[in-house]
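Working notes, beginning with the structure itself.
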Amino acid sequence: MKKDIRAYTYEELQKEIQLLGEKSFRAKQVYEWLHQKLADSFAEMTNLSKNFRNQLEEEYEILPVEMTARQESKLDGTNKFLFCLYDGNVVESVLMRYKHGNSVCISSQVGCRMGCRFCASAIGGLERNLSASEMLGQIYQIQKIIGERVSNVVVMGTGEPLDNYDNLLNFIRILTDEHGLHISQRNITVSTCGIVPQMYSLAKEHLQITLALSLHGSNQEKRKMLMPVANKYNLEEVLDACDNYFEKTGRRITFEYSMVHGVNDTDEDAKELIEILKPRNCHLNLIPVNPIKERDFVRPNRENALNFKNKLEKCGINVTIRREMGSDIGGACGQLRRSYQGRSTI
């Protein structure tokens with residue numbers, strides 16, 4: 001079985017190349033081809049000898065991440081991509097264009113086993129984890145397709161990143177390595193629904209990434225209703241893990257809160273959220289829920305969402321209503337993949 005060469009860190013690749021009997025500077029060349037020039041094949045690596053390229057071809061592979069569909073929003077230029085993997089599975093990624101640069105939201109798993117009730121990604125469960133190489137491949141392909149640099153990365157697409165912990169760490173190390181794309185750790189956000197042990201482990205890594213917690217409920221009962229993971233880790237435990245992350249890294253937590261009309265957007269919810277957030281150095285993202293046909297959740301109207309936001313702001317909470325991107329192309333996580341799966345089973 002061939003080895004996944006794009007999943008090696010720079011140091012690991014140096015050791016591999018030495019084992020092949022090549023000089024160490026060859027590792028730098030190969031790494032640049034993989035992570036700067038974004039090569040999809042060894043044949044592209046034209047400053048390497050033919051014998052060396054053949055040797056690489058025999059021992060290693062560059063796992064394919066190939067675009068199979070692309071949608072572009074006429075409203076704001078958001079692009080949604082569907083990528084096919086080596087085993088026929090598909091994942092989706094989103095490119096969002098901002099004044100400060102291009103931001104890409106990538107998937108970390110094929111499917112998801114967290115089962116959050118308002119999320120299209122969780123329908124159908126978890127197929128498998130993505131390798132670091134497949135996570136990088138989504139960014140690299142988008143950068144090649146648009147011909148522009150990606151400056152911000154959000155691991156908030158399909159999957160629970162901390163449920164794929166080792167591959168996630170490897171991905172971050174390679175993405176931020178000075179020999180590769182060298183994206184700043186501060187420009188990377190990782191989302192979690194609250195897997196407490198891994199949150200503590202991540203804090204020990206002393207990375208400078210932003211941790212975004214999917215809160216979605218102002219108390220334990222609401223979280224349990226919306227998020228099955230809350231049956232395993234209660235709200236108090238999760239918030240303690242958030243506090244620990246801030247203490248160890250100095251990076252303020254972002255709380256994500258999907259607003260479901262009549263479920264978690266009441267005056268009582270606002271009051272409970274204020275109690276949770278006021279003592280913490282954090283930012284709250286309010287996200288009016290995207291309706292999906294498999295669920296009967298309704299999003300709050302603009303006025304209700306603004307009223308909710310104003311209540312929090314008056315108490316000193318740092319809060320924004322997330323700007324809706326790509327609403328005309330099914331911008332929510334999992335929607336394009338779901339529609340593709342629906343077609344492919346007909």
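How many residues, within region 17-33, are without any contact (Cβ under 8 Å) to a residue 40 or more places away in the chain and either within 19 Å of ARG173 (Cα to Cα) or among the β-branched types (Val, Ile, Thr) (or both)?
As a first pass, look at region 17-33 and keep what is without any contact (Cβ under 8 Å) to a residue 40 or more places away in the chain: 17-27, 29-30, 33.
When the remaining residues are screened for being either within 19 Å of ARG173 (Cα to Cα) or among the β-branched types (Val, Ile, Thr) (or both), the result is 17, 27, 29-30, 33.
Total satisfying the criteria: 5.
Restricting attention to region 59-77, and to residues there that are touching a helix residue (DSSP H, G or I) at 6+ places or on another chain (Cβ under 7 Å) and in a loop (DSSP other than H, G, I, E, B), which single residue is nearest to ARG323 (Cα to Cα)?
LEU75
Within region 17-41, which residues are at positive phi and aliphatic (A, V, I, L, M)?
Initially, region 17-41 is screened for residues at positive phi, giving 21, 38.
Hit for region 17-41 is LEU38, nothing else.
Listed here are the residues, each with its yes/no results for (1) closer than 15 Å to SER107 by Cα; (2) surrounded by fewer than 21 Cβ atoms within 10 Å (Cβ to Cβ); (3) basic (Lys, Arg).
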position: VAL155; (1), (2), (3): yes, no, no
position: ILE188; (1), (2), (3): yes, yes, no
position: THR192; (1), (2), (3): yes, no, no
position: GLN208; (1), (2), (3): no, yes, no
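Would region 244-260 turn up any residue that is buried (at least 20 other Cβ atoms within 10 Å of the Cβ), outside any strand (DSSP E or B) and at pLDDT below 95?
Within region 244-260, one or more residues are buried (at least 20 other Cβ atoms within 10 Å of the Cβ), outside any strand (DSSP E or B) and at pLDDT below 95.
For region 95-119: of the residues being surrounded by fewer than 24 Cβ atoms within 10 Å (Cβ to Cβ) and small (Gly, Ala, Ser), which is modelled with the highest pLDDT?
SER103
Which number in (1) over 22 Å from the mean Cα position of the chain (by Cα); (2) within 21 Å of SER191 (Cβ to Cβ) marks the one condition that ASP267 misses?
ASP267 satisfies all of (1) over 22 Å from the mean Cα position of the chain (by Cα); (2) within 21 Å of SER191 (Cβ to Cβ) except (2).
In region 171-200, what residues are in a helix (DSSP H, G or I) and more than 14 Å from the chain's Cα centre (by Cα)? Quick ask: steps written out before the conclusion?
So the first thing to find is which residues in region 171-200 are in a helix (DSSP H, G or I), and the list is 171-176, 185-187, 196-200.
Within region 171-200, ARG173, ILE174, THR176, ARG186, VAL196, PRO197, GLN198, MET199, TYR200 meet the criteria.
Within the set of pairs 6+ apart or on separate chains, which have a first residue in region 97-109 that is outside any strand (DSSP E or B), a second that is modelled with pLDDT of 95 or more and surrounded by fewer than 16 Cβ atoms within 10 Å (Cβ to Cβ), and C-beta atoms under 8 Å apart?
Taking only residues 6 or more apart or on different chains, the pairs are HIS100/SER151.
Picking from GLN36, GLN18, which residue would you name as being of a type in the set (S, T, N, Q) and within 22 Å of THR176 (Cβ to Cβ)? Step through it out loud before you land on a result.
Numbers: GLN18 fails: within 22 Å of THR176 (Cβ to Cβ).
After applying the criteria, what remains is GLN36.
If I ask for residues that are modelled with pLDDT under 95, small (Gly, Ala, Ser) and touching a strand residue (DSSP E or B) at 6+ places or on another chain (Cβ under 9 Å), which ones from region 120-139 would you list?
SER121, ALA122, GLY124, GLY125 - these are the residues of region 120-139 that are modelled with pLDDT under 95, small (Gly, Ala, Ser) and touching a strand residue (DSSP E or B) at 6+ places or on another chain (Cβ under 9 Å).
Could you go through region 40-51 and let me know if any residue there is farther than 21 Å from ILE142 by Cβ, touching a helix residue (DSSP H, G or I) at 6+ places or on another chain (Cβ under 8 Å), without any contact (Cβ under 8 Å) to a residue 40 or more places away in the chain and polar (S, T, N, Q).
Scanning region 40-51 turns up at least one residue that is farther than 21 Å from ILE142 by Cβ, touching a helix residue (DSSP H, G or I) at 6+ places or on another chain (Cβ under 8 Å), without any contact (Cβ under 8 Å) to a residue 40 or more places away in the chain and polar (S, T, N, Q).
All but one of (1) surrounded by fewer than 19 Cβ atoms within 10 Å (Cβ to Cβ); (2) in contact with a helix residue (DSSP H, G or I) (Cβ under 7 Å, 6 or more places away or on another chain); (3) modelled with pLDDT of 95 or more; (4) of a type outside the set (A, V, I, L, M, F, W, C) hold for ASN170; state the number of the condition that does not hold.
The number of the failed condition is (1).
Since ILE142 meets every condition but one in (1) on the phi < 0 side of the Ramachandran plot; (2) touching a residue at least 60 places away in the same chain (Cβ under 8 Å); (3) part of a loop (DSSP other than H, G, I, E, B); (4) in contact with a strand residue (DSSP E or B) (Cβ under 7 Å, 6 or more places away or on another chain), which condition does it not meet?
(3)
Find the residue count for region 63-94, including only residues that are among the hydrophobic types (A, V, I, L, M, F, W, C), touching a residue at least 60 places away in the same chain (Cβ under 8 Å) and either surrounded by 22 or more Cβ atoms within 10 Å (Cβ to Cβ) or closer than 24 Å to TYR8 by Cβ (or both).
Selection size over region 63-94: 5.
Could you figure out which of (1) of a type in the set (A, V, I, L, M, F, W, C); (2) under 20 Å from the mean Cα position of the chain (by Cα); (3) not in a loop (DSSP other than H, G, I, E, B) isn't true of LEU56?
(2)
Are any residues in region 1-53 among the hydrophobic types (A, V, I, L, M, F, W, C) and part of a loop (DSSP other than H, G, I, E, B), and if so, which ones?
Correct list: MET1, LEU20, LEU38, ALA39, MET45, LEU48.
The values are calculated or read from the model by the stated rules, or taken from the named source; none is laboratory data. Not measured: the values here are computed from a predicted model. Positions of Cβ are backbone-derived with ideal geometry, glycine not excepted, and every protein chain shown enters the neighbour counts.
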